[in-house]
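Here the structure is laid out as structure tokens; the discussion comes afterwards.
The values are calculated or read from the model by the stated rules, or taken from the named source; none is laboratory data. Predicted, not measured: the structure shown is a model, and the values here were computed from it. Here the Cβ positions follow ideal geometry from the backbone for every residue, glycine too, while neighbour counts run over all protein chains shown. Note: accessible area is taken over every heavy atom of the protein model, side chains too, but ligands, DNA and RNA are not part of it. Shrake-Rupley method; radii C 1.70, N 1.55, O 1.52, S 1.80 Å.
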Amino acid sequence: IVHLALNNTIYKFTVEDEKGNITTEVYNVGDITREGAKISYRLVSATAYEYANGCLVVTSEGENADPTVTLNDVSKITAEKYNAVAVRFKAEGVVEDQKHITVYFATADSDTLSQDKSITIKYNKLPVDKQGYYVAYINMATNPSWSGQIVGLRVDPGNSKGLYTIDKIVVVEK
């Protein structure tokens with residue numbers, strides 16, 4: 001299992017290999033974008049972000065609001081071993097026709113994030129847990145381009161202004 005946990009100001013990256021050995025690396029937010037870090041991320045079109053109650057809270061405002069969380073180094077992920085991305089999140093104040101979550105990916109053979117390498121699910125198709133979080137389970141294997149080495153992942157929790165609270169992003173093993 002590869003797991004990126006958003007926990008206050010700490011990112012935790014856990015890898016379990018085929019023998020069951022577990023390796024965990026933890027980076028403080030100030031460190032994860034340093035050169036050589038195994039995990040880094042970028043927020044795009046976010047007016048502000050903060051960590052609250054163990055979650056990444058992203059505020060996106062303006063006409064061209066399109067908040068994204070891009071995981072830059074996902075070098076341990078292969079399509080042969082991992083087939084889904086799960087995201088637990090809240091979305092408030094999102095424009096009605098933009099209520100959807102999209103996961104984009106890039107592969108070693110096609111290393112750009114693009115619409116043809118993405119999967120989108122509308123909020124009304126997602127279950128909501130007791131705490132009011134959407135739980136998106138996105139089966140990446142339904143996109144025929146999900147193959148080989150995955151070199152990029154991007155989660156767009158919506159496509160408009162709003163307040164997005166992201167609790168977890170998990171890459172799920174087959």
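Cβ separations smaller than 6 Å between residues 6+ apart or across chains give the following pairs from region 52-68 residues that are under 17 Å from Lys99 (Cα atoms) to residues that are of a type in the set (A, V, I, L, M): Val58/Ala46; Thr59/Ala48; Thr59/Leu163; Ser60/Ala46; Pro67/Ala46; Pro67/Val58; Thr68/Val44.
Restricting the first member to region 69-93 and to residues that are more than 27 Å from Gly162 (Cβ to Cβ), and the second to residues that are assigned to a strand (DSSP E or B) and of a type in the set (Asp, Glu), the beta-carbon pairs closer than 9 Å and six or more apart or on different chains are Lys81/Glu173; Tyr82/Glu173; Asn83/Glu173. Would you check if Glu173 is surrounded by fewer than 20 Cβ atoms within 10 Å (Cβ to Cβ) and either within 19 Å of Pro67 (Cβ to Cβ) or free of Cβ contacts under 8 Å to residues at least 60 places away in the same chain (or both)? It is false that Glu173 is surrounded by fewer than 20 Cβ atoms within 10 Å (Cβ to Cβ) and either within 19 Å of Pro67 (Cβ to Cβ) or free of Cβ contacts under 8 Å to residues at least 60 places away in the same chain (or both). Of all the listed residues (Asp156, Asp109, Asp129), the sole one being over 21 Å from Ala48 (Cβ atoms) and out of contact with any Gly (no Cβ under 9 Å at 6 or more places or on another chain) is Asp129. The condition of being modelled with pLDDT under 90 and over 26 Å from Ala48 (Cβ atoms) holds for only one of Lys76, Lys168, that being Lys76. Residue count for region 118-154, restricted to those that are under 17 Å from Leu71 (Cβ atoms) and either modelled with pLDDT under 90 or among the aliphatic types (A, V, I, L, M) (or both): 9.
Could you grab me the full set of residues in region 107-135 that are surrounded by 13 or more Cβ atoms within 10 Å (Cβ to Cβ), touching a Lys or Arg at 6+ places or on another chain (Cβ under 8 Å) and of a type outside the set (Val, Ile, Thr)? Within region 107-135, Ser110, Leu113, Tyr123, Tyr133, Tyr134 meet the criteria. On inspection, Val151 fails the criterion of being touching a Pro at 6+ places or on another chain (Cβ under 6 Å), of a type outside the set (Lys, Arg) and open to solvent by 20 Å² or more (accessible area, probe 1.4 Å).
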